[in-house]
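Report on the structure given below.
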Amino acid sequence: MGVVHALHVHELARDTNACELVAVADLDTTRAQRFLADVGRSVPIFSSVDDLAKSGICDATVVVTPTDSHRDHAAKLIAAGHRVMVEKPLTGTLEGDREFAAELDAKHPDSLMLAFQRRFDEPLIYAKKLVDSGMVGRVFKVFSALEDSNPAPDGYKSGGILPDMSVHNVDEILWLTGRMPTRALSIGSRVYSHKLTTCDEDFDDALLYMWFGEDLLAQVQVTRNHVSGYRVETILFGEEGQVHVGHFDGKPFEVTVEAYGRRGRSEPLALKSFTARDYGKPLPEFVDRFGAAYKSELATFIQCCSENKPFPSTHRDGLRAQEVISAGMKAVIGIENAAIVGAK
């Protein structure tokens, strides 16, 4: 993701003059040099966040480091006067999120933007407009799936599949509905891909259920086991129909949003296709789906920095998502606890 964000900074600087790429910080300086050579740029490369913070070379930074380093790196840069965009999740734990959020609220309330790219995704924005228009009536259920085709890479640090993956789905649901759930429950299992990686993760399949009082339910499904390809799908069920965003068909650069009314109506209420960007190079599969959203998110971050405006998504949104996930994990049902009496 560091390479993806750096590429987008370079493109925005080149095409809009909204910013300038002035430095890269990476423990792997060879990787940084390779990226800069690819885009034809020559800027300082720092081997530590501390050196970058002390340099005074910039005033806005994108933090794309391992989750357990987010707080330390962001705090150092903010203390040096930077405004920062941090890849999700905020810290990876509920306690860490609460502490860091309180620290930011007290001293730097408008210095951190948390990267929730789904809020900047055109298909999801369109779906939200359809729902907000009342096209399918009152929404009573939301289903959101995020399924990787491979296990987490060897050496990857994960705080658990739900904190690592479903934080996107949870924030999406809170954003789409404008509500916080009152109860949550999770179900997890280890059935396949955990055996193919050195990454130590609790589950490779998980479900998260959320209840918003008595009138709204949300279901999140995340997995590392969708071997046929990356799947991202959201369905909003309303009393007069449903809005469906994306489905897996082996076409990673096509995203369809369709709305249907009650049974008996053959014509869709709305139907629109979006073409995702093909970067023409091997990148993580989620970049194929959300590349344009990542770039739009970054452009918004830069605009807010330039105009000294508050960010549209912050540490507070990360904390809210983590509170939901943590509640669900406290009520987790593992596969070993799901035995059926009398089963053979």
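The values are calculated or read from the model by the stated rules, or taken from the named source; none is laboratory data. Source: prediction; values computed, not measured. So basically every Cβ, Gly included, is an ideal-geometry build from the backbone, and we count neighbours across all protein chains shown.
Scanning the range 140-168 for residues that are surrounded by 22 or more Cβ atoms within 10 Å (Cβ to Cβ) and in contact with a helix residue (DSSP H, G or I) (Cβ under 9 Å, 6 or more places away or on another chain) turns up 142, 144, 146, 148, 152, 162, 163, 164, 166, 167, 168. Entry remark, the range 213-225: residues being surrounded by 20 or more Cβ atoms within 10 Å (Cβ to Cβ) and either free of Cβ contacts under 8 Å to residues at least 40 places away in the same chain or more than 18 Å from the chain's Cα centre (by Cα) (or both) number 0 in total. The residue of the range 226-252 that is modelled with the highest pLDDT, among those that are surrounded by 17 or more Cβ atoms within 10 Å (Cβ to Cβ) and touching a Pro at 6+ places or on another chain (Cβ under 8 Å), is 245.
Residues in the range 185-194 that are touching an Asp or Glu at 6+ places or on another chain (Cβ under 9 Å) and not polar (S, T, N, Q) were compared, and the one that is surrounded by the most Cβ atoms within 10 Å (Cβ to Cβ) is 188. Which of (1) surrounded by fewer than 19 Cβ atoms within 10 Å (Cβ to Cβ); (2) small (Gly, Ala, Ser); (3) under 12 Å from residue 77 (Cα atoms) is the odd one out, the single condition residue 37 does not satisfy? Condition not satisfied by residue 37: (3). Among the criteria (1) within 18 Å of residue 127 (Cβ to Cβ); (2) over 17 Å from the mean Cα position of the chain (by Cα); (3) of a type in the set (S, T, N, Q), the one residue 228 does not fulfil is (1). Taking the range 133-169 as the range and being closer than 16 Å to residue 203 by Cβ and of a type in the set (Val, Ile, Thr) as the test, the residues that pass are 161, 167.
Residue pairs whose Cβ atoms lie under 7 Å apart, separated by 6 or more positions or on different chains, with the first residue in the range 277-302 and touching a residue at least 60 places away in the same chain (Cβ under 8 Å) and the second surrounded by 18 or more Cβ atoms within 10 Å (Cβ to Cβ) and among the polar types (S, T, N, Q), are 290/117; 293/117; 294/117; 297/117. Restricting attention to the range 101-116, which residues are farther than 17 Å from residue 327 by Cβ and surrounded by fewer than 23 Cβ atoms within 10 Å (Cβ to Cβ)? Passing the criteria: 102, 103, 104, 105, 106, 107, 108, 109, 110, 111. Among residues of the range 65-105 being part of a loop (DSSP other than H, G, I, E, B) and either touching a His at 6+ places or on another chain (Cβ under 6 Å) or among the polar types (S, T, N, Q) (or both), the one that is farthest from residue 51 (Cα to Cα) is 93.
Could you identify the single residue in 53, 32 that is among the small types (Gly, Ala, Ser) and closer than 26 Å to residue 277 by Cβ? None of the other options fit; the residue is 32. Scanning the range 278-317 for residues that are among the polar types (S, T, N, Q) and either touching a helix residue (DSSP H, G or I) at 6+ places or on another chain (Cβ under 7 Å) or under 13 Å from residue 1 (Cα atoms) (or both) yields 296, 300, 313.
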